[in-house]
Amino acid sequence: LAPRRGVELTRNRYFESWSQDARPDGHADRIVVRVSSDAGARLAATERGDLDVTELADAFGSNVPPSEIEALLARHPERLHATATPSLFYLWMNVHKPPFDDVRVRRAINYAVDRELIAELEGGAPLASPACHFVAPGHPGYTPECDYTRNPRRGIWSSPDIERALALVDRSQTAGRTVTVNVPDDKVRVGRYLVRLLDRLGYPSRLHVTADYGRYRSHLAAARDRVQIGTDGWAADFPSPTDFTTPFVCANYRPGRPDNPNLSQHCDARFEGLIGAASDARGADADAFWHAAYRRLARSAPAAPLVNRRGAVFVSERLGNYQHHPLFGVLFDQVWVR
């Protein structure tokens with residue numbers, strides 16, 4: 001596999017667990033981690049038994065074509081583990097740039113977008129599912145509710161509501177505005193769909209594709225206030241409801257910087273007041289404040305949630321006791337090998 005780098009971990013024979021419940025005894029005495037960019041070679045090595053664990057998909061996407069995931073499911077369903085990740089792929093809209101400076105237009109996009117189609121473009125089941133909430137399912141702060149769908153009483157996204165979207169565009173009197181959709185090169189198919197959707201809603205649109213994600217963020221930084229709309233993603237790195245507010249708070253708008261997480265330029269004092277109240281509260285009171293905060297964010301609609309991703313890990317035939325943490329991935333010290 002010619003890994004560029006790696007690490008070897010060995011058991012500390014002096015370590016004593018403080019709690020069997022909090023920190024169970026591990027099984028492995030030695031763990032060797034190899035890093036390789038050749039996903040196909042890693043997959044083949046794991047199928048042969050030369051490797052024991054290889055990651056095929058994570059919160060940021062898949063390393064192998066979806067067809068290979070499907071083939072693995074057919075050949076080795078017991079060895080492929082697909083698990084939810086605390087992640088969100090979304091469509092941001094510049095709340096200060098026409099036509100998206102009108103909240104009715106941003107809500108129209110939320111009603112009109114076909115999240116199921118985008119989930120298919122992003123790999124389909126079991127790697128992606130439609131998202132209609134800013135917090136990923138299973139993460140603290142998530143509530144199963146979705147206003148922007150044809151049947152909101154179900155609490156989940158069901159289908160687009162083009163009629164309501166067109167009515168909002170009509171009331172906004174913004175039809176005819178030209179729009180440029182920005183995407184990195186791995187989101188071209190999603191970008192083409194979004195251009196078609198915006199055309200249908202009355203906004204003559206074109207697609208701007210940047211060579212890779214790093215250059216995409218540099219392009220957005222250089223364009224600053226001129227950019228109107230584009231795709232991005234977020235993955236939580238700790239289990240707190242506040243994590244998914246990061247791309248939408250005032251302090252995180254960093255104009256002219258590639259690491260600017262607040263691409264929509266959203267800044268709402270009431271939203272941030274609810275975040276503060278939720279952070280100070282406990283129990284049911286905190287839950288109520290978080291629910292109110294994310295309800296307000298949904299109504300402000302600086303972005304349209306699109307897809308929640310699932311991770312996929314393939315293991316060797318000899319590996320057992322597979323366990324997975326939603327934030328930290330495979331618990332390597334808990335697996336055993338024959």
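The values are calculated or read from the model by the stated rules, or taken from the named source; none is laboratory data. All values derive from a computational prediction rather than experimental measurement. So basically every Cβ, Gly included, is an ideal-geometry build from the backbone, and we count neighbours across all protein chains shown. What goes into the accessible areas is simple: the full protein's heavy atoms, side chains included, and nothing from ligands, DNA or RNA. Shrake-Rupley method; radii C 1.70, N 1.55, O 1.52, S 1.80 Å.
Screening segment 259-306 for residues that are buried (at least 16 other Cβ atoms within 10 Å of the Cβ), more than 24 Å from Y111 (Cα to Cα) and among the aliphatic types (A, V, I, L, M) and picking the one that is farthest from the chain's Cα centre (by Cα) gives A277.
Give the residue, chosen from A74, A82, A41, that is farther than 17 Å from D186 by Cβ and open to solvent by 40 Å² or more (accessible area, probe 1.4 Å). From the options A74, A82, A41, the qualifying one is A74. Mind listing whichever residues of segment 26-55 are in contact (Cβ under 8 Å) with a residue 40 or more places away in the chain and in a helix (DSSP H, G or I)? Passing the criteria: A41, R42, L43, A45, T46, E47. Among residues of segment 131-157 that are more than 12 Å from P241 (Cβ to Cβ) and among the charged types (D, E, K, R), those with a Cβ under 7 angstrom from a residue that is outside any loop (DSSP other than H, G, I, E, B) and open to solvent by less than 50 Å² (accessible area, probe 1.4 Å), sequence gap 6+ or separate chain, pair up as D147/A298.
Only one entry of D237, D225, D186, D243 meets the criterion of being in contact (Cβ under 8 Å) with a residue 60 or more places away in the chain, open to solvent by 30 Å² or more (accessible area, probe 1.4 Å) and under 19 Å from S264 (Cβ atoms), and that entry is D225. Of the numbered criteria (1) at pLDDT 95 or above; (2) over 30 Å from P261 (Cα atoms), the one R107 fails is (2).
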